[in-house]
Structure formats: C-alpha cells, structure tokens
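The values are calculated or read from the model by the stated rules, or taken from the named source; none is laboratory data. Values in this document were obtained by computation on a predicted structure and should not be read as measured data. Glycine also receives a Cβ, built like all others from the backbone with ideal geometry; neighbour counts cover every protein chain displayed. When the accessible area is computed, the model is the full protein with side chains, heavy atoms only, and any ligands, DNA or RNA have been set aside. Shrake-Rupley method; radii C 1.70, N 1.55, O 1.52, S 1.80 Å.
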Amino acid sequence: MLAQYQQAITQHRQRVFSFAHYSLRAKEDAEDITQEVFIKLWQHWQKIDHSKLGAWLMRVAHNAVIDHVRKQKNVASQTDDYAEPEEQAAEALTEQQVDDGKFKEVLMASIKLLDDPFRSIIIMRDIQGMSYGDIQHTLDMSESQVKVYLHRGRRKLRENPVLRKLFDTMTGRDAGQKKSSAQVKADVVELGKRK
Amino acid sequence: MNSNNETQCYFVQLQIDNYLDGDLTATQQESFISHVQQCSECASEFRYAKTIQDGLVDMPLIDCADSVVESLLTTVQSQPQEQPDRQKAGSSGLADFWQWLLNAPLLVRYGVPAMAVAALAIGLLPSSPVAPEQAQPPLLANSPAILNATPVEYSPEEVVQALQDLNLAIQYLNQVSERTENMIGGRFLMAPLQENLNASFERIRERDANPLNNDPI
C-alpha cells in the first residue's frame, strides 16, 4: 500500500503544488499545503474512490488554500484595519514591478488577488489545463457554472489596473503612441494565425 | 451611428473569451474577426486578452522539492488511517436490495417477502415434536417436574377435532371483526353523512317554501 501511495504522490504532487503555489505565491505555504493534502490522502486512503483520486486531491488542495487565505486575511486585518489587501498589493506592484516590465510576475500577482472560485478556476483551467469535467468534479459545480466563473474571472483579471497599465506601456498606448489601423490589422491577422 | 458601433463593440468584447476558447461558430468567428480588424479599440482589447491568455497558458507546472516528499513519507508512517465505514456499506447493500425488489416483477416483489415471513414463522415454531423440551425456556426445562413428565400424545381424532374448533374460532373472530367494522362505519361515517344530507335537504325545502328567499335581489 505504501508503494501505491508513493505512486499517487509522484503522479499528483506537481499539480497539487502548482495549484497551491499559483494560489498563494509563497513557496513555503505551498509546500505546507502539499504536505497537508498528501497526509489527508494517507489518512483517508481506504475510504476514498481511487478512480477519482485526482479530483479528490484537488478538492482537498482547494479547501486547504481557502482556509489558508482566510487565515492570512484575518492576520492582515489585524495588522491594518484601514487598507484593503488588494489595494496594498496593487500599490506594491505599481512601485516595484511595473517599471521592471515583468508582465508574467504581475499576472501571477493579479491571479492571487482574485477571489475564489475565479482564482482557482483560472489556475485549474488556463494554467494547469484541467478539463471542464475535472474542474466540475473538483469544485462540485455544473459545467456551465465553471464556464461562467472562468469568463468572469478572466474579465476581472483584465480589469486589474496595474496589469492594464503594464500592457499599455508594453504596447506603447500609454505614451500616446497609438498604432496605425494597418498595424492593428496585421497584429490581428497574426494572432489569428497563431491561434 | 456611434451608439450602433458601441453596441457592436460591446458584444464583440463579450465574445473575446469565447473566441479564445474556440467556442464561436464559423459565422460568429468571421464576424468577430472582421469587426476586430476594423475597430482599433476592440483590436487592442483582443490583444490584451490574448496576451494574458498566452501568459497563463505559458506558466509552467511547478514541482515541490524532493525533501518535502521525503519528510512527508516519514510523517505519514506514524499517522493512523481511517477505516472504511462498514455500517454505511451494509446499509447501502440493503438499499440496493430494496431497489432491486421494487424493480422486480410482481410475483417476485410479493413472493420474496412472503417467503421471508414464512421462513421466519417456521423458524419461530418448535422445530421438532420429538424433542419438545428444547422449546422450553431454560429455567422450566431444568425443573425436575418437567424433566420427569412424559410427553402428551394426541390421537388423530383429537387433532381433527382441535382443527375444527380452531376453524370455528377463526370464523367467529372474522364475523366479530366484520360487525365491528360495520358498526364503526355506521356510527362514524354513515350517520354524520346522513345527518349532513338531511340538513341540506331541510334547508332547500325551507328556501323553496319561502318565496322571499327566491328573490334575485
């Protein structure tokens, strides 16, 4: 049984750790969550349906992340009752990262700022490439609910002012360097080809 | 004209995610692309969404350090495991049996419970007349009076007579039960019904007798 358990860890550790890491953006916390998830797997090994092991592990990871975020929010509210954590993070991004032009880092930070289930669904679907069916089983939602949350989550992500500003800076729109219609047309055609 | 364009832009921008997921039909896709090629605002919005989408898709799956797994394995071996819930499994088996019984043909549906009742009745009756002391309660069975007593034997005539008496008693009980049912029905159902009907007829008769009651005003 220990061998099977080890095999399950090998098979799913990357997905569980990635999910926790992209949700929390803290390596140590993600490691703690991973350990917590696999300890629960050991404890419930004889009770769970092994044909749905992946969904079960992701559900446990999702719950553990939610608990962790809740605890973090409580600590944050105790340290500063006046500033919203989202505002603090956005300000920090503005000062440190936008100038560096690290779009992906800002994107990761923006994902962390999303509320659940938007954050979890974006990580599961767009980063981890999970199917709608797997997400549906993990989060106990219908497929249409998953799609609605995914689209709303993406829209919320695009509405992040820091990310928008960085994109505008990257594409020259912020500096008043608007592209010509021919350039835009060429870009769209190119994007269509890449798709 | 402007508001028409704005509406079009609004709908096109709503479709960006569907386009990126490949959920648009060929016609919708064609109209989406032709609008985006002409409208710089929508093209910019589309590029922004596409850049974010590409950024997300390109993010790698990250693995935890092996030391995490090693420490996990040492921790886990001292952890107890929860056993499967036997009671739940049993109740699930019973539920499955009931489901099967409800879906079975009529003969099986009533036959199986009847056989179960019969088996139970046979099990409760003394199994053999040869050893009646086995059916006695243990305290009585151990008493010397019982141990010294000889088993009573009945002749076939006596058995036939006893059966006839039993049938007579059952017949009598059936008659009593029937009479009781009739009496209860008559007292609690028929009598109140009759009273109500009589009262209704009485009211109608009184109304017909008094011409003022028939005045439509």
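Evaluate the following for A:Asp80: is it open to solvent by 80 Å² or more (accessible area, probe 1.4 Å), more than 15 Å from the chain's Cα centre (by Cα), modelled with pLDDT under 85 and of a type outside the set (Val, Ile, Thr)?
On the way: open to solvent by 80 Å² or more (accessible area, probe 1.4 Å): no; more than 15 Å from the chain's Cα centre (by Cα): yes; modelled with pLDDT under 85: yes; of a type outside the set (Val, Ile, Thr): yes.
In short, no.
Answer yes or no as to whether B:Leu61 is modelled with pLDDT under 90 and exposed (fewer than 10 other Cβ atoms within 10 Å of the Cβ).
Details: modelled with pLDDT under 90: yes; exposed (fewer than 10 other Cβ atoms within 10 Å of the Cβ): no.
Criteria not met by B:Leu61.
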Anything in region B:54-78 that is at the interface with another protein chain (Cβ under 7 Å from one of its Cβ atoms) and either outside any helix (DSSP H, G or I) or of a type outside the set (A, V, I, L, M, F, W, C) (or both)? List them, or say none. B:Gly55, B:Met59, B:Leu61, B:Ile62, B:Asp63, B:Cys64, B:Thr75
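Does region A:44-61 contain at least one residue that is assigned to a helix (DSSP H, G or I), crowded, with 22+ Cβ neighbours inside 10 Å and aromatic (Phe, Trp, Tyr)?
To start, the set of residues in region A:44-61 that are assigned to a helix (DSSP H, G or I) comprises A:50-61.
Keeping just the survivors that are crowded, with 22+ Cβ neighbours inside 10 Å gives A:57-58, A:61.
From the residues that got through so far, the ones that are aromatic (Phe, Trp, Tyr) too are none.
No, because not a single residue in region A:44-61 is assigned to a helix (DSSP H, G or I), crowded, with 22+ Cβ neighbours inside 10 Å and aromatic (Phe, Trp, Tyr).
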Are any residues in region A:22-54 under 17 Å from the mean Cα position of the chain (by Cα) and of a type in the set (Gly, Ala, Ser), and if so, which ones? A:Ser23, A:Ala26, A:Ala30
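So, B:Met115, is that one open to solvent by 100 Å² or more (accessible area, probe 1.4 Å), more than 38 Å from the chain's Cα centre (by Cα) and modelled with pLDDT of 70 or more or not?
Details: open to solvent by 100 Å² or more (accessible area, probe 1.4 Å): yes; more than 38 Å from the chain's Cα centre (by Cα): no; modelled with pLDDT of 70 or more: yes.
No: the conditions fail for B:Met115.
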Looking only at residues that are free of Cβ contacts under 8 Å to residues at least 24 places away in the same chain and under 18 Å from A:Arg119 (Cα atoms) in region A:18-33, which one is most open to solvent (accessible area, probe 1.4 Å)? A:Lys27
Restricted to region B:1-46, and to residues that are more than 10 Å from chain A (Cβ to nearest Cβ), polar (S, T, N, Q) and within 22 Å of A:Arg154 (Cα to Cα), which residue is surrounded by the most Cβ atoms within 10 Å (Cβ to Cβ)? B:Gln15
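Among A:Lys178, A:Lys185, A:Lys193, which is the only one that is in a loop (DSSP other than H, G, I, E, B), open to solvent by 50 Å² or more (accessible area, probe 1.4 Å) and modelled with pLDDT under 75?
On the way: A:Lys185 fails: in a loop (DSSP other than H, G, I, E, B); A:Lys193 fails: in a loop (DSSP other than H, G, I, E, B).
Unique residue meeting the criteria: A:Lys178.
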So, A:Arg15, is that one at pLDDT 90 or above, open to solvent by 60 Å² or more (accessible area, probe 1.4 Å) and within 12 Å of chain B (Cβ to nearest Cβ) or not? yes
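How about region A:139-150: which of its residues are buried (at least 17 other Cβ atoms within 10 Å of the Cβ) and assigned to a helix (DSSP H, G or I)? Full working, then the answer.
Going residue by residue through region A:139-150, those that are buried (at least 17 other Cβ atoms within 10 Å of the Cβ) are A:139, A:141, A:146-147, A:149-150.
Across region A:139-150, the qualifying residues are A:Leu139, A:Val146, A:Lys147, A:Tyr149, A:Leu150.
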Checking A:Thr34 against (1) at pLDDT below 80; (2) under 23 Å from B:Ser67 (Cα atoms), only one condition comes out false. Which one? (1)
